[in-house]
Amino acid sequence: MSEHYQVLARKYRPHNFEELVGQTHTIRTLVNALDNNNLHHGFLFTGTRGVGKTTIARIFAKSVNCEEGVSSNPCGKCPTCIEIDKGQSVDLIELDAASHTGVDHMREILDNAQYTPTKNLYKIYLIDEVHMLSKSSFNALLKTLEEPPSHIKFLLATTDPKKLPITILSRCLQFNLNKLSHDEILNHLKFIMNEEKLKFDDNALSKIAELGNGSMRDALSLLDQSISFGNGSVIEKDLKEMLGLVNHDEITNLVSLVCERNAEKILLFIKELAHKGENLSNVLKDLTSLFHKISTAQIINDQKQTSPEILDLANRFTAQDLQLYYQIAINGQRDINLSPSEQIGLEMTLLRMITFHPNFKEGEKKTLNPSPTKTLKKNPSTGSPVVTSTPSKELNDISNKKVKHLDIKTQEEWEEIITNLDFNGAAKMLVKNTVFKSLIKQNLTLTLSEEFINLHTTKTEESIKNALHKLYPALEIMIEPGETNGNSLSQKEAFNNEQIQKQTESQFLSDDGLKELQEVFKSQVDLKSIKSIKESDNV
């Protein structure tokens, strides 16, 4: 490498609009404006870091001040273009608002705006991270933006446009720059490696593009680091060693263990990864990414473009399981930094995937102290359902009797079974919205409220059968859509809650102190905000 090494982000910074990667909509607008010499006095470029805000601004500066004339294709060879590329142009004033927030400094700069450019057609103010300016500085800038001299152009860049005053936003043309796509970054990385005549692996560059997360500058910084680590080459093995990335085969094995819902093997596997010093946060990210790839393969079903490994995993998971696991993994990434350790955070995330699975059997858990079980009885005065507690021993006695002889004759008896048995997730919601229709021999027929018919799937019905078969092995069920007329357990509970809410509202609104407040302040109570003390404690 040369004695004065230039980082890749600077060496390969685009010098004209044709060299820019991405941002097609912004480039098209600017090119048309420049070619027609129809130029606004203020431009605002917004977007996350490394997407081209200041690069576009500098190309724009060359385009309007090129000695060959205003156009979207500056020559890049005249003294003005060369000075701008080197950051030496006296008529391009670059200001980092993060370090120059003071109003005095801003006023000094803007006071000079009235003077014509030293040598170029336009005097250009490029203010980076403009949202960092103080309120007084914004006021000073606004004064010039309202009535700018004809020889002035303002190019503002920010990563946080929400912090800009609306008065500034309304006086600028705003361009929202998107994050660069994985392929846009990857193709540019390949171009650079070929230009530098360096050895590389496609998988390694693809991983760098992924870690760039839409920022070309971040990706190029990581590429610089990788080239140094690999002594002039970028290969997957070196990249994983440098970044502490987990081997893909290990992630695949972990996904297989999740599919099998084997908690003991999962915990042992994570322990081995931690012992090897693997970055467990990266394990969770790679796991999330693999769930995405498997889910995509299921839906698109393109066997030519999908690896056999992914196709095999796609056949082992249901689409619902993948969505559940992906969401839990995403939440786990958010919470892992709050865990006592990365290992505990990863373990709890994977155990959550197992225990939240619809087919997870509660009976497999080791219960140390059996807790009381809720049963449902009827309030004699209101007819509404009331939840009471039945000790586990009593429930077991009841259950043992019913195993020998099941005889359901009423909706109340069916509701007692719903409450006593441990249904999971969607299955619990489904049975709470059913009404007992008939029991002939061992054939139980239920009516399901039509608005919840989407819950009736093969999986939920299987889950209901599994729960019922713990007590009634020979029982068969049939679920039919129909009218439940407010008689399901769920509807009764909703009605009961509504009556309690109405009573709470009535008591609250009848308070003399409240009435006085309403009269004084000419106000109304938001009924949705009224809650019982018990309910408020649970929020």
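Here Lys276, Lys285, Lys271, Lys237 are screened, and the one residue that is out of contact with any Leu (no Cβ under 8 Å at 6 or more places or on another chain) and surrounded by 18 or more Cβ atoms within 10 Å (Cβ to Cβ) is Lys285.
Residue-by-condition table, conditions (1) among the hydrophobic types (A, V, I, L, M, F, W, C); (2) under 18 Å from Ala9 (Cα atoms):
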| position | (1), (2) |
| --- | --- |
| Asn112 | no, no |
| His131 | no, no |
| Ser150 | no, no |
| Leu155 | yes, no |
| Leu169 | yes, no |
| Leu189 | yes, yes |
| Asp202 | no, no |
| Glu210 | no, yes |
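Assess whether Arg28 counts as being within 31 Å of the chain's Cα centre (by Cα) and surrounded by fewer than 16 Cβ atoms within 10 Å (Cβ to Cβ).
Taking the combined requirement at face value, the residue satisfies it.
Of all the criteria given as (1) surrounded by fewer than 19 Cβ atoms within 10 Å (Cβ to Cβ); (2) at pLDDT 90 or above; (3) within 26 Å of Ser206 (Cα to Cα), the one not satisfied by Ile344 is (3).
Residue-wise test of (1) in contact (Cβ under 8 Å) with a residue 24 or more places away in the chain; (2) farther than 18 Å from Ser339 by Cα.
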position: Phe269; (1), (2): no, yes
position: Asn279; (1), (2): yes, no
position: Leu284; (1), (2): yes, no
position: Lys293; (1), (2): no, yes
position: Ala297; (1), (2): no, yes
position: Thr306; (1), (2): no, yes
position: Glu309; (1), (2): yes, yes
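Out of curiosity, is Asn487 in contact with a Pro (Cβ under 8 Å, 6 or more places away or on another chain), among the polar types (S, T, N, Q) and in contact (Cβ under 8 Å) with a residue 24 or more places away in the chain? No, not satisfied.
The rows are residues; the columns are (1) closer than 20 Å to Asn176 by Cβ; (2) not polar (S, T, N, Q); (3) not assigned by TED's automatic domain parsing to the domain that holds Leu155.
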| position | (1), (2), (3) |
| --- | --- |
| Leu39 | yes, yes, no |
| Ile93 | no, yes, no |
| Asn112 | no, no, no |
| His131 | yes, yes, no |
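Conditions (1) out of contact with any Phe, Trp or Tyr (no Cβ under 7 Å at 6 or more places or on another chain); (2) crowded, with 21+ Cβ neighbours inside 10 Å; (3) hydrophobic (A, V, I, L, M, F, W, C); (4) over 30 Å from Thr46 (Cα atoms), marked per residue:
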position: Lys197; (1), (2), (3), (4): yes, no, no, yes
position: Leu220; (1), (2), (3), (4): yes, yes, yes, no
position: Phe229; (1), (2), (3), (4): yes, no, yes, yes
position: Gly232; (1), (2), (3), (4): yes, no, no, yes
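Which residues, counting only those in segment 283-336, are over 21 Å from Pro358 (Cβ atoms), more than 16 Å from the chain's Cα centre (by Cα) and of a type in the set (S, T, N, Q)? The answer is Thr296, Asn301, Gln303, Gln305, Thr306, Ser307. Annotation note: of Lys162, Lys190, the sole residue that is outside any loop (DSSP other than H, G, I, E, B), of a type outside the set (Asp, Glu) and either more than 26 Å from Ala219 (Cα to Cα) or not assigned by TED's automatic domain parsing to the domain that holds Gln225 (or both) is Lys162.
Among the conditions (1) part of a helix (DSSP H, G or I); (2) closer than 30 Å to Leu324 by Cβ, the only one that Phe423 does not satisfy is (1). Checked against (1) over 23 Å from Ala33 (Cα atoms); (2) in contact with a helix residue (DSSP H, G or I) (Cβ under 7 Å, 6 or more places away or on another chain); (3) buried (at least 18 other Cβ atoms within 10 Å of the Cβ); (4) among the aliphatic types (A, V, I, L, M), Leu126 meets all criteria but (1). Taking (1) out of contact with any helix residue (DSSP H, G or I) (no Cβ under 8 Å at 6 or more places or on another chain); (2) on the phi < 0 side of the Ramachandran plot; (3) surrounded by fewer than 17 Cβ atoms within 10 Å (Cβ to Cβ) in turn, Lys179 satisfies each apart from (3). Take the conditions at pLDDT below 90 and assigned to a loop (DSSP other than H, G, I, E, B) and apply them to Ser381. Does it pass? Answer is yes for this residue.
Got a number for residues in segment 332-352 being part of a helix (DSSP H, G or I) and under 13 Å from Ile270 (Cβ atoms)?
Result for segment 332-352: 12.
Which ones in segment 438-458 are assigned to a helix (DSSP H, G or I) and in contact with a helix residue (DSSP H, G or I) (Cβ under 9 Å, 6 or more places away or on another chain)?
Hits for segment 438-458 are Phe452, Leu455.
The C-beta contact set for segment 195-211 (first residue in the same structural domain as Val234 (by TED's automatic domain parsing), second residue of a type in the set (Asp, Glu), distance under 6 angstrom, 6+ apart or interchain) comprises Asp201/Glu236; Asn203/Glu236; Ala204/Glu236. Against the test of being aliphatic (A, V, I, L, M) and more than 36 Å from the chain's Cα centre (by Cα), the options Leu145, Leu133, Leu126, Leu156 yield a single qualifying residue, Leu145. Scanning segment 182-194 for residues that are in contact with a helix residue (DSSP H, G or I) (Cβ under 7 Å, 6 or more places away or on another chain) and in contact (Cβ under 8 Å) with a residue 60 or more places away in the chain turns up Ile185, His188, Ile192.
I'd like the full set of residues that are over 39 Å from the mean Cα position of the chain (by Cα) and among the aliphatic types (A, V, I, L, M), limited to segment 460-486. If the condition is that a residue be over 39 Å from the mean Cα position of the chain (by Cα) and among the aliphatic types (A, V, I, L, M), then Leu471, Ala474, Leu475, Ile477, Met478 are the ones that fit. In segment 416-426 there is no residue that is over 21 Å from Pro358 (Cβ atoms), surrounded by fewer than 18 Cβ atoms within 10 Å (Cβ to Cβ) and at pLDDT below 85. Restricting Ala113, Ala98 to those that are part of a loop (DSSP other than H, G, I, E, B) and either touching a Phe, Trp or Tyr at 6+ places or on another chain (Cβ under 9 Å) or closer than 18 Å to Pro165 by Cα (or both) reduces the list to Ala98. All of Leu126, Leu110 fail the test of being of a type outside the set (Lys, Arg) and modelled with pLDDT under 85, apart from Leu110. Just one of the listed residues (Lys502, Lys470, Lys459, Lys465) is within 21 Å of Lys437 (Cα to Cα), basic (Lys, Arg) and in the same structural domain as Lys437 (by TED's automatic domain parsing), and it is Lys465.
The values are calculated or read from the model by the stated rules, or taken from the named source; none is laboratory data. The model shown is predicted, which means the values in this text are computed figures rather than measured ones. So basically every Cβ, Gly included, is an ideal-geometry build from the backbone, and we count neighbours across all protein chains shown.
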